[in-house]
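Data first, discussion second: the structure below is written as structure tokens.
The values are calculated or read from the model by the stated rules, or taken from the named source; none is laboratory data. This one's a predicted model, so the numbers in the text were calculated from it and none came from an experiment. Every residue, glycine among them, receives a Cβ derived from its backbone with ideal geometry; neighbour counts consider all protein chains shown.
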């Protein structure tokens, strides 16, 4: 079923409330830029307890729909830009061009920094305990970066930003685990790197 069909079910007051919540979770299953659980957690932190409150459920759906709509605008703009570049003979995108087709898998449109901070907080709270104790130096370095970013609320001095940027850049090129690479990308967005 499509995102739009699930969204219509969320808005249908004739349906039992638990079905509407289930339809919302299906919407998030189809559009989960922070991962399923982290997206639900972020939406709940912004909209309220959507599992029990109708107004919160509708606010939560609006948040997800607006982020998804902003993504689609980005995708359309990128497609037009690439078409023009191809007409001019540039068949491959430049390295510095942000590709929303790739970014959509981990980037919340509309409130990227807040969402990235929440995703880091969620990762530290939910996933980190499963990874500990660890002696993997890369994982320990990521944990240090996440902790520093969250402790400072991602308001870093220029020296801290440079140091974190160097660490994140190094890690991004070495990591093979999608989960850890996602954490590094959230670090970049949260810290404006």
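Would you mind finding the one in 50, 24 that is surrounded by 12 or more Cβ atoms within 10 Å (Cβ to Cβ) and in a loop (DSSP other than H, G, I, E, B)? Spell out the reasoning first.
Values: 24 fails: in a loop (DSSP other than H, G, I, E, B).
Unique residue meeting the criteria: 50.
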For the range 34-50 the number of residues that are at pLDDT below 95 and over 14 Å from residue 117 (Cα atoms) is 2
Residue check, residue 18 farther than 26 Å from residue 116 by Cα, out of contact with any strand residue (DSSP E or B) (no Cβ under 9 Å at 6 or more places or on another chain) and assigned to a helix (DSSP H, G or I)
yes
Out of all the residues in the range 38-53, which are more than 18 Å from residue 127 (Cβ to Cβ) and touching a helix residue (DSSP H, G or I) at 6+ places or on another chain (Cβ under 7 Å)?
43, 46, 47, 48, 49, 50, 51
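When you go through 120, 128, 156 one by one, which is the residue that is modelled with pLDDT under 70, crowded, with 16+ Cβ neighbours inside 10 Å and part of a helix (DSSP H, G or I)? Let's see the steps before the verdict.
Working: 120 fails: modelled with pLDDT under 70; 156 fails: part of a helix (DSSP H, G or I).
One residue alone meets the criteria, 128.
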Just a yes or no: is a residue in the range 65-84 in a loop (DSSP other than H, G, I, E, B) and either at negative phi or modelled with pLDDT under 90 (or both)?
no
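Looking at the range 31-43 only, could you name the residues that are assigned to a helix (DSSP H, G or I) and surrounded by 16 or more Cβ atoms within 10 Å (Cβ to Cβ)? Before the answer, list the steps.
Of the range 31-43, the ones assigned to a helix (DSSP H, G or I) are 36-43.
Matches in the range 31-43: 38, 39, 40, 41, 42, 43.
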Among the listed residues 183, 98, which satisfies the condition of being more than 19 Å from residue 43 (Cα to Cα) and modelled with pLDDT of 70 or more?
98
